[in-house]
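Input: a single structure, listed below in structure tokens.
The values are calculated or read from the model by the stated rules, or taken from the named source; none is laboratory data. None of these values were measured; they are calculated from a predicted model. When we count neighbours, we look across all protein chains shown, and the Cβ atoms used for this are built from the backbone with ideal geometry, even at glycine.
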Amino acid sequence: MTAVAAEGAPLDTSASAQPSASHHRADIQGLRAVAVLLVVLYHASAPVPGGYVGVDVFFVVSGYVITGMLTRELSGTGRLALGSFYLRRSRRLLPALATMLTIVLVASVFLAPLGAQSRTLGTGVAASVFVANLYLITLGKGGYFHTAAQTNPLLHTWSLSLEEQFYLFFPALLLVAALAVRRRPGLRRRALALTVGAVSIVSFGLCWAITNQRIPSDRLTTEFAFYTAPTRAWQFGVGALLALVAARWPKGRAVAEVVFWLGLALVAWAAIAYDDATRFPGMAAVVPTLGAALVIAAGVHARSRGSALLGSRPMTWIGDRSYSWYLWHWPVIVFARSLWPRAGGLLAVAAVVSIVPAYASYRWLEQPIRQRKADAARTARLALTCIAVPILTAAVLVHVDHTVERSGAVASFQHQVRLHADTVRGCDQGMPDITDPECTWPLPTDAAHRSTTGRMGNVLVGDSNAGQFTEVFAAASHRQGRDATVRTRNVCPVVDVVIVSHGFVDKACKQFASDMIDQLVAARPDAVMLAAATDGYLNGPEFELRDDAGHRATTPAQKSLLWEQGTNRVVERLQAAGIDVVLVDPIAKWVDWNPQDCAVVRILADEGSCSTSDSVAALQHRRALAVATDAKVAAAHPGVAVLDPFPDLCPGDPCDARRDGRLWWRDSNHVSVEGAAALADRFDRALARASG
């Protein structure tokens with residue numbers, strides 16, 4: 001977020017400053033303080049689950065301040081000096097951003113999580129040219145709230161890029177609107193308001209439609225709605241419209257008092273009531289956006305007690321440094337988490353510590369540059385330097401990263417957490433095609449024995465928790481004298497239920513499962529193995545299950561019943577086609593641990609420090625309902641075999657994620673190739689039992 005004061009005289013933050021006497025409002029600086037505090041508290045895992053709405057507050061503030069600045073210039077001179085505007089923005093924003101990017105990129109070589117190395121470099125380059133938000137969409141990691149995104153120390157630059165895109169295009173929009181009525185200056189403000197209003201309405205409509213998946217497009221995802229300018233422009237527009245109609249805003253302290261506290265209550269409610277599962281932005285974003293606008297509106301003509309509180313010296317001190325603090329807080333938190341993942345309360349300490357580089361940036365970099373006079377040519381050279389330095393740094397660090405990755409400990413670690421073969425071959429994407437040769441592991445030509453059934457062999461299907469068994473499944477099938485085929489889709493079990501994730505019906509998953517069952521029945525393989533993260537779907541509050549009759553299941557017990565019924569229908573169809581069936585119970589899952597979140601320096605110092613352990617009782621408890629559900633299905637269908645990987649993966653108590661010097665899990669929810677290999681005997685017995 002960009003903490004930008006209107007240009008001109010130094011910001012007046014004294015208690016006696018009146019909004020009517022100055023364009024530089026202390027209460028707006030205080031509102032910036034509220035916004036950055038919400039974001040920092042959220043990132044520090046404080047009990048503010050919707051603190052990310054601080055970003056929305058920043059967007060409204062930026063729209064208000066920048067529009068006020070530009071319209072005053074239009075009123076005073078009749079024109080907009082866009083070149084001067086862009087140069088001022090460059091001096092204000094780019095030096096601090098470039099410094100943070102460069103330092104974080106260098107530090108990330110050893111301090112960032114191993115799994116975030118390439119994402120960090122890519123994000124840094126994109127942030128340098130103001131498109132970090134667009135780059136993050138291309139990563140396909142599940143969006144801002146996804147675990148993979150949260151390990152990127154430059155994730156927060158998405159909003160900076162969005163604001164910079166606003167600064168780039170919005171003044172031009174105002175200029176076009178002003179030129180349209182240049183011969184009738186009395187209509188200028190109305191023309192500007194109509195233009196901004198029309199753009200904002202279109203933007204909000206697009207935001208709502210995409211957030212609610214009302215546009216049938218694979219590219220217009222909820223991540224697109226969250227990250228991009230077309231779906232976020234309306235929030236800047238709300239602030240801009242407020243600046244354009246401020247002169248008509250009702251006067252009076254009583255009105256200001258009510259409006260202020262109502263606005264602050266809306267922002268606070270969103271920060272407390274929202275969480276990562278909230279359907280956002282969409283309609284949910286209206287609440288903090290409107291709240292921020294009301295807080296600003298309360299101080300347009302009168303100074304309420306609330307506005308005075310925001311304009312107090314502690315709040316304006318934070319507000320003045322909100323840009324700097326926003327720049328630095330997230331990288332420090334990510335580095336701290338990757339270095340000391342189990343230290344309680346560490347994130348709060350990291351958030352506080354991040355004030356130190358933020359203060360240094362504000363005091364010795366941003367302020368001197370802002371106060372120093374510079375002509376256009378010098379400012380342009382400064383801007384180009386700020387863009388080029390992080391990009392060149394990233395280019396050099398690509399080679400440094402490769403050198404580090406080839407080192408013994410890091411290379412070994414990366415090999416242990418490598419992708420499974422279904423993902424490498426692309427068999428975890430798109431619609432199913434069990435005839436795809438890339439997704440079949442044929443029996444070696446020199447095999448000692450071959451199938452005499454003349455059928456296609458064994459097939460493994462399900463979500464990524466099926467794909468984690470690709471290698472051991474193929475090997476066990478070959479020992480049976482059968483070919484092995486694997487088709488998976490992330491977060492998509494082959495069960496006859498409708499998966500609802502975060503309130504969205506996954507129609508593509510339902511189609512995948514339906515097509516898969518039809519293809520299996522038509523192909524009639526020797527055996528089908530069904531595997532899924534059943535425990536996650538049953539226990540996860542983000543998931544809801546439905547059947548074709550419209551019955552909804554939201555509690556674990558309700559979901560278990562629908563899951564059992566949906567699995568029964570699949571098994572019945574497969575058995576009716578003469579196909580043997582194996583159900584795989586879910587593996588043990590870890591809480592708040594992922595080996596790929598381990599900092600490179602920890603891997604180099606002690607690879608074992610990147611492991612974890614938990615009691616067998618705790619691990620069994622988390623999967624107990626799923627295991628019981630599989631058992632009910634097997635009991636209802638004689639001949640169905642159940643494979644439980646838990647005893648081989650966790651033979652001792654506590655269960656350790658690392659055995660014999662090797663990681664048996666590649667992340668919190670999936671075993672590694674080495675871990676899956678330990679299940680060879682169990683796969684042999686399950687496939688033999690199913691075919692017997």
All positions within segment 140-195 that are closer than 16 Å to T228 by Cβ, of a type in the set (A, V, I, L, M, F, W, C) and surrounded by 20 or more Cβ atoms within 10 Å (Cβ to Cβ): L155, W158, L160, L162, F166, F170
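Please pick out the residue among D401, D422 that is surrounded by 17 or more Cβ atoms within 10 Å (Cβ to Cβ), in contact with an Asp or Glu (Cβ under 6 Å, 6 or more places away or on another chain) and part of a helix (DSSP H, G or I).
D422
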Failed item, numbered, when G263 is tested on (1) modelled with pLDDT of 95 or more; (2) touching a Pro at 6+ places or on another chain (Cβ under 7 Å): (2)
Residue match in segment 612-628 (condition: surrounded by 15 or more Cβ atoms within 10 Å (Cβ to Cβ) and under 30 Å from V404 (Cβ atoms)): yes
Qualifying residue in segment 305-312 (condition: in contact with a helix residue (DSSP H, G or I) (Cβ under 9 Å, 6 or more places away or on another chain), surrounded by 15 or more Cβ atoms within 10 Å (Cβ to Cβ) and of a type in the set (A, V, I, L, M)): yes
Qualifying residue in segment 564-572 (condition: surrounded by fewer than 19 Cβ atoms within 10 Å (Cβ to Cβ), in contact with a His (Cβ under 8 Å, 6 or more places away or on another chain), modelled with pLDDT of 95 or more and assigned to a helix (DSSP H, G or I)): yes
Residue match in segment 386-408 (condition: within 23 Å of the chain's Cα centre (by Cα), assigned by TED's automatic domain parsing to the domain that holds R119 and without any contact (Cβ under 8 Å) to a residue 60 or more places away in the chain): no
Those helices (runs of 4 or more DSSP H) lying entirely in segment 40-141 with at least 2 residues assigned by TED's automatic domain parsing to the domain that holds L397 and out of contact with any helix residue (DSSP H, G or I) (no Cβ under 9 Å at 6 or more places or on another chain): 54-77
Strands (runs of 3 or more DSSP E) fully within segment 484-537 counting 1 or more residues that are over 25 Å from R552 (Cα atoms) and not assigned by TED's automatic domain parsing to the domain that holds G140: 484-488, 527-531
Whichever residue in segment 644-692 is of a type in the set (A, V, I, L, M), buried (at least 17 other Cβ atoms within 10 Å of the Cβ) and assigned to a helix (DSSP H, G or I) and, among such residues, is farthest from the chain's Cα centre (by Cα): A690
Matching residues, segment 604-642, being of a type in the set (S, T, Y), in a helix (DSSP H, G or I) and either touching a residue at least 40 places away in the same chain (Cβ under 8 Å) or not assigned by TED's automatic domain parsing to the domain that holds D535 (or both): T629
